[in-house]
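Enquirer: One structure coming up, written as structure tokens, with questions to follow.
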Amino acid sequence: MTVFPKPTADEVAAAGDRTVPDLVGPDLKILFSGINPSLYSAATGHHFARPGNRFWPTLHGAGFTDRLLHPSEQYLLPALGLGITNVVARATARADELAPEELVAGGAILAELARVVQPRFLAVLGVTAYRSAFARPKARIGRQPDTVGGVPVWVLPNPSGLNAHFQLPDLIREFGALREAAA
């Protein structure tokens, strides 16, 4: 496992508005979409890299990976049929810094990516962002009755450590339900 050094506070602060490249490949089972990258992720170039983010422990706990991966090992995911993108590409300190218009515009870009990549499921990590980006004000966690870019959608809780409504066992249960559906 290659572990990259932690970015300095100045490097993190300077990462505002940067992007983290999409991680996609052929024959994806699931394309996970975060809301947008954190400053820490943008500083490292790795998705869900901020300490305290529970994405990687959740993936492992839900059975997507056979061991806990470090964010620097994200390159292993496409071979497992998994990809990562974001609704909005630009990094911010908090997702609530995004304007509603950014979420709608990002939703259109995400729909096009889903149409091109054609995963079995698009998993949007954050019900509030999904509601805003796709004008689905009544959406709830779980499989959605509609598609995005012609791809079935599953809304999952955001794994950010700031999301206190869902603890790790809850996240693992919700992600596990998607894993079973995509098998």
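Enquirer: Can we say residue 48 is closer than 16 Å to residue 157 by Cβ and in contact with a Gly (Cβ under 8 Å, 6 or more places away or on another chain)?
Expert: Against the criterion (closer than 16 Å to residue 157 by Cβ and in contact with a Gly (Cβ under 8 Å, 6 or more places away or on another chain)), residue 48 qualifies.
Enquirer: Oh, and also: So, residue 94, is that one modelled with pLDDT under 95 and under 20 Å from residue 46 (Cβ atoms) or not?
Expert: Working: modelled with pLDDT under 95: yes; under 20 Å from residue 46 (Cβ atoms): yes.
In short, yes.
Enquirer: Helices (runs of 4 or more DSSP H) wholly in segment 1-69 with at least 2 residues that are hydroxyl-bearing (Ser, Thr, Tyr) - which ones?
Expert: The qualifying helices (runs of 4 or more DSSP H) are 39-44.
Enquirer: Still on this structure, please answer the following. Any idea which of (1) open to solvent by 10 Å² or more (accessible area, probe 1.4 Å); (2) out of contact with any strand residue (DSSP E or B) (no Cβ under 6 Å at 6 or more places or on another chain) is the one residue 55 doesn't satisfy?
Expert: (1)
Enquirer: Pull up segment 147-177, narrow it to residues that are modelled with pLDDT of 95 or more and among the small types (Gly, Ala, Ser), then point me to the one that is nearest to residue 110 (Cα to Cα).
Expert: 149
Enquirer: Go through segment 108-120 and count every residue that is out of contact with any Leu (no Cβ under 7 Å at 6 or more places or on another chain) and not in a loop (DSSP other than H, G, I, E, B).
Expert: Matching residues across segment 108-120 total 8.
Enquirer: May I ask you to list the residues in segment 91-102 that are open to solvent by less than 80 Å² (accessible area, probe 1.4 Å), within 19 Å of residue 20 (Cβ to Cβ) and not in a helix (DSSP H, G or I)?
Expert: 91, 92, 93, 98
Enquirer: So residue 157 ticks every box in (1) under 17 Å from the mean Cα position of the chain (by Cα); (2) more than 19 Å from residue 82 (Cβ to Cβ); (3) not β-branched (Val, Ile, Thr) but one. Which box is left unticked?
Expert: Only one criterion is unmet by residue 157, namely (2).
Enquirer: Residue 128: of a type in the set (Val, Ile, Thr), over 16 Å from the mean Cα position of the chain (by Cα) and either surrounded by 14 or more Cβ atoms within 10 Å (Cβ to Cβ) or not in a loop (DSSP other than H, G, I, E, B) (or both), yes or no?
Expert: no
Enquirer: Could you pull out the residue among 123, 79, 105 that is in contact with a Phe, Trp or Tyr (Cβ under 7 Å, 6 or more places away or on another chain), at pLDDT 95 or above, of a type in the set (Gly, Ala, Ser) and not in a loop (DSSP other than H, G, I, E, B)?
Expert: Exactly one of 123, 79, 105 is in contact with a Phe, Trp or Tyr (Cβ under 7 Å, 6 or more places away or on another chain), at pLDDT 95 or above, of a type in the set (Gly, Ala, Ser) and not in a loop (DSSP other than H, G, I, E, B), namely 123.
Enquirer: Among the residues of segment 62-90, which ones are open to solvent by 40 Å² or more (accessible area, probe 1.4 Å) and over 12 Å from the mean Cα position of the chain (by Cα)? Before the answer, list the steps.
Expert: Let us first name the residues in segment 62-90 that are open to solvent by 40 Å² or more (accessible area, probe 1.4 Å), namely 63, 66-68, 70, 75-76, 79-80, 89-90.
Within segment 62-90, 63, 66, 67, 68, 70, 75, 76, 79, 80, 90 qualify.
Enquirer: When you scan segment 1-47, how many residues do you find that are out of contact with any helix residue (DSSP H, G or I) (no Cβ under 8 Å at 6 or more places or on another chain) and polar (S, T, N, Q)?
Expert: Residues that pass the stated criteria total 2.
The values are calculated or read from the model by the stated rules, or taken from the named source; none is laboratory data. Keep in mind the model is a prediction, meaning the values are calculated, not measured. Because the Cβ atoms are built from the backbone with ideal geometry, glycine has one as well, and the counts that use them run over all protein chains shown. Keep in mind that these areas ignore ligands, DNA and RNA; they rest on the heavy atoms of the full protein, side chains included. Shrake-Rupley method; radii C 1.70, N 1.55, O 1.52, S 1.80 Å.
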